[in-house]
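No lab work stands behind these numbers, since they all come straight from the coordinates. Because the structure is predicted, anything quoted here is derived from the model rather than measured. With ideal geometry, Cβ positions are generated from the backbone for all residues, glycine too; neighbour counts draw on all protein chains shown.
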Amino acid sequence: MSRVLAVDVGGTTIKAEIVDESGAATASGTVPTPKGAAALDAVAGLGKQLIATAGGAAGTVAAGVVLPGIVDPARRMAVYSANIGWSDLDAGDLLERAWGIPVGVDHDVTCAGWAEWVSGAGQGCEDIAFVAIGTGISAAVVSGGRLLRGSGGRQPGEIGHVVVRPDGPMCGCGARGCLEAIASATSIARAYAEATGTAVPGALDVERAAAHDDRARKVWDEAVSALADGLTMLTALVAPERIVLGGGLAASGDFLLRPLAPLLAERVLVQPVPTLAQARHGTRAGLAGAALLARQQLALG
Ligand SMILES: [Zn+2]
């Protein structure tokens, strides 16, 4: 049975698994993500360790590595990540030398959306949008049964940097009022801390506090409303049959889907209103996508 190595590089943690043909993990490991180019060395080290435990390169036949930020899948380059602090790294060559097996490199959200389409909450749909809400917000789009790509194979769904509140807070990208400056998990926690002077560990704490704290309710409602506007724009552009919500903020139940659905129904006036679903792979969607990417390397031969 042929096994592949799947790696999901996040801003804080690198997750890796050896995956068999049924999609089950036979070995797994995580390490913290170092800053800068050292992050890629950490990926190489973790992968090497897992390949060794799975019987060496004879047992693991290909690898898929998904990265945040800007990625060039054709050249297998980590072009830029503000979170990790790297730019223009030849990830594919470096990892292929380290592991001695074919390596595919692609964008984390694109591959997570691919996995949700193939075997998750978007299975059976020709047209879906997958929206990951975590420290940032971005999307993958499947249109007419094909994963949408931008110029140079890049990720087209940077919905987090669509301006939904022109007078809103500054975004890390330099613009004002971007969707992710209001509705990302990071921004929700920050807005609550600014409004109350009390820091909270994360956005889910704001959602929980909203039941009894008006200031939390206001922050949460504003984030959900901004998200509904972002998804309305996405629907106007690509008319998905279903929108699958993933990432850390969507992983903990339907508290996000419940208020979003009526807002979307109210605001989507031209296109059919898409159904909303929670990602089936949860926070493992990136790894599931990395495994698909690895299998694709075998098909490319
Ligand atoms: Zn922005």
So the angle from the long Cα axis of helix 185-196 to the longest Cα principal axis of the chain, reported in degrees to the nearest 10, equals 40
Rounded to the nearest 10 degrees, the helix 257-267 long axis (Cα) sits at an angle to the longest Cα principal axis of the chain of 60
Computed over the chain: longest principal axis from alpha-carbon atoms vs helix 214-238 long axis, angle to nearest 10 degrees, is 60
Listed by chain and number, the aspartates and glutamates with an alpha carbon less than 12 angstrom from that of LYS218, same-chain partners under 8 positions apart left out, are GLU207
Other residues with Cβ under 14 Å from the Cβ of ARG217 give, with Lys and Arg +1 and Asp and Glu -1, a net charge of -3
From fewest to most C-beta neighbours within 10 Å, the residues PHE130, PHE255 line up as PHE255, PHE130
The chain: relative contact order from alpha carbon pairs under 8 Å, six or more residues apart, as a whole percent, is 20
For the pair VAL163 and PHE255, the simple spin-label estimate (label points 7 Å beyond Cα toward Cβ) gives in nm 3.3
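In which sequence would LEU46, LEU5, LEU263 go, from the one with the fewest C-beta neighbours within 10 Å to the one with the most?
LEU263, LEU46, LEU5
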Restricting to lysines and to Cα separations under 19 Å from LYS15, and discarding same-chain partners fewer than 8 apart, the set is LYS35, LYS48
Restricted to region 13-134, the DSSP antiparallel beta bridge percent, nearest 5, is 70
Note: GLU21 to GLN271 extended length (0.36 nm per residue) minus current alpha-carbon separation gives 86.1 nm
Counting only DSSP beta bridges fully inside region 124-279, the antiparallel percentage to nearest 5 is 55
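Quick one: TRP99, TRP220, fewest Cβ neighbours within 10 Å first, how do they rank?
Fewest to most other Cβ atoms nearby, the residues stand as TRP99, TRP220.
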Descending packing, highest mean Cβ count within 10 Å first, for 63-69, 74-80 is 63-69, 74-80
antiparallel share of DSSP beta bridges within the chain, to nearest 5, in %, is 60
With only helices counted (DSSP H, runs n ≥ 4, each -39500 (n - 2.57)), the per-residue ellipticity at 222 nm for the chain, to the nearest 500, works out to -11500 deg cm²/dmol
Per its Cα gyration tensor (rounded if a/c is under 1.5, else prolate when a/b beats b/c, else oblate), region 80-171 is best filed as oblate
Any residue on another chain or 5+ positions along whose placed amide H is under 5 Å from the amide H of GLY247 is listed here as ILE133
Sequence order, region 271-284: Karplus ³J(HN,Hα) from phi using 6.51 cos²θ - 1.76 cosθ + 1.60, θ = phi - 60°, Hz rounded, Gly and Pro as x, gives 8, x, 6, x, 6, 10, 9, 8, 4, 6, 7, x, 7, 8
Diffing region 113-126: the Karplus 3J(HN,Hα) column from phi (6.51, -1.76, 1.60, θ = phi - 60°), in whole Hz with x for Gly and Pro, holds x, 4, 5, 5, 5, 6, 9, x, 6, x, 4, x, 9, 7
